[in-house]
Amino acid sequence: MYTEELIEIKDIDSYPNNLPSIDYKAFADDLNKIRNEISTDLSEKDFKHLKKIERWGRVCTLLGYSTSWIVPNPISAFLISQGNITRWAMTTHHIIHKGYDKVPNIPERYTSKKYAVGIRRFIDWFDWILPEAWNHEHNILHHYYTGEVSDPDLVEKSMDIVRKSKIPAFFKYIAILFFMSTWKLSYYAPNTLWILQQTKRKSKKNREVMEKIPAGTYPGSKLLIPFSKGSGEFLLKCVLPYFLARFVLIPALFLPLGKTAAVFVLINSILAEIITNLHSFLIIVPNHAGDDVYRYDTGITDPAEFYVRQVAGSVNYNCGNDITDFFHGWLNYQIEHHLFPDLPLLKYQEYQGKIKEICQKHHVPYIQENVFKRFSKLLKIMVGKTDMKKTSTIPRKARA
């Protein structure tokens, strides 16, 4: 639930509401009842389920690398990539969100206080992205400013220059494809670190930092420039450790099988990195974009308004079983995850149907479509063919 910053709206009439008629209090009450039901339903079953999904990811990684020395091939690369996606989107994502902190008898290393913290970064989630930077950018800014100008993942804002550009659409799509293939290194890692640096350095509130970022830019790009302010930290903490481990150390382990084997592992590792970028982009970015998804120009005034915005500003994909969910990175429950970020994987699967019924009961727009349909809608937003819906939810004082 939203806890960080509530906004006091003074001029209510200046915030038009384009959503259906919603009883905010009744909607919030129903969701809170479900939340309480879920809290009492947490058990060791949730941890066992997490361990199963974690094992699936490790098996993918093992199979990928154990075959990668034979010949460069997309199957080995995909398996390595799926292991990477599992560590990021399924285990790290939900553990850092405190999804397992309240599960009975949970080992301490699977709690948000220990997982990927300090030296455990190299054990739990070793990637281009610094865990504490991603935790701040994603868990705080994205989740609690969803769809606002302060949301670092608001596609319509970050792609503003491309959207307004007069260049042919073909070249826009080529640029997007390149960006998709590299986005963890070229966008996510530097952007999350830059935002964390600014927040620490200037001791400013998150909203102040984010609102000063011009549309059509991502400030983390500054860290990609050698010798620029903060670029040294990016190089030493994000780029070099992962590059040396993934593309030097791991291929070198296969040298006893011959130089050719090591080169093949390197090639498959590079292919796996590209696939990871493409796959993660496909399942992450469409979650909050489309001409049927809402964005907001104002802050919220209470938790009920937060609930409405999270549903109307998010999108689910097909879901309902472990295999489907595994290949969607469990990001196919985005609505439920944005309502209740601190739940185990299994609980989203078990309670998605009930939450959808509550949304439909209260006429809160609930979108669920095939991921490729959502990706198509995302592309149209990115190149400027369509626009997201804009609205303000009804402030608390206007509901009396």
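The values are calculated or read from the model by the stated rules, or taken from the named source; none is laboratory data. Just so you know, these numbers come straight off a predicted model, no measurement behind them. Virtual Cβ from ideal backbone geometry, glycine too; neighbours counted across all protein chains shown.
The C-beta contact set for the range 129-155 (first residue in contact (Cβ under 8 Å) with a residue 60 or more places away in the chain and closer than 20 Å to Val117 by Cβ, second residue among the polar types (S, T, N, Q) and surrounded by fewer than 24 Cβ atoms within 10 Å (Cβ to Cβ), distance under 6 angstrom, 6+ apart or interchain) comprises Leu141/Asn206.
Take Pro241 and decide whether it is under 24 Å from Leu193 (Cβ atoms), at pLDDT below 95 and out of contact with any strand residue (DSSP E or B) (no Cβ under 9 Å at 6 or more places or on another chain).
Numbers: under 24 Å from Leu193 (Cβ atoms): yes; at pLDDT below 95: no; out of contact with any strand residue (DSSP E or B) (no Cβ under 9 Å at 6 or more places or on another chain): yes.
So Pro241 does not fit the description; no.
The condition of being crowded, with 22+ Cβ neighbours inside 10 Å and in a helix (DSSP H, G or I) holds for only one of Ile355, Ile323, that being Ile355. Among the candidates Glu137, Glu156, Glu148, the residue that is of a type in the set (Asp, Glu) and either at pLDDT below 90 or not in a helix (DSSP H, G or I) (or both) is uniquely Glu148.
All of Ile53, Ile85, Ile38 fail the test of being within 24 Å of the chain's Cα centre (by Cα) and buried (at least 21 other Cβ atoms within 10 Å of the Cβ), apart from Ile85. From the list Val315, Val364, the lone residue that is of a type in the set (A, V, I, L, M), under 28 Å from Lys102 (Cβ atoms) and touching a Lys or Arg at 6+ places or on another chain (Cβ under 6 Å) is Val315.
Pairs linking a residue in the range 229-254 that is in contact (Cβ under 8 Å) with a residue 60 or more places away in the chain to a residue that is assigned to a helix (DSSP H, G or I), with Cβ atoms under 6 Å and 6 or more positions apart or on different chains, are Cys238/Ala189; Phe254/Ala261; Phe254/Ala262; Phe254/Val265.
Go through the range 287-320 and give me each residue that's part of a loop (DSSP other than H, G, I, E, B), in contact with a Leu (Cβ under 7 Å, 6 or more places away or on another chain) and more than 22 Å from Met159 (Cβ to Cβ).
First, the residues of the range 287-320 that are part of a loop (DSSP other than H, G, I, E, B): 289-293, 296-302, 313-314, 317-320.
Narrowing the set further to residues that are in contact with a Leu (Cβ under 7 Å, 6 or more places away or on another chain) leaves 289-290, 300-302.
Ile300, Thr301, Asp302, listed by residue number.
Of the residues making up the range 238-271, just one is under 22 Å from Phe179 (Cα atoms), buried (at least 18 other Cβ atoms within 10 Å of the Cβ) and touching a Leu at 6+ places or on another chain (Cβ under 8 Å), namely Cys238.
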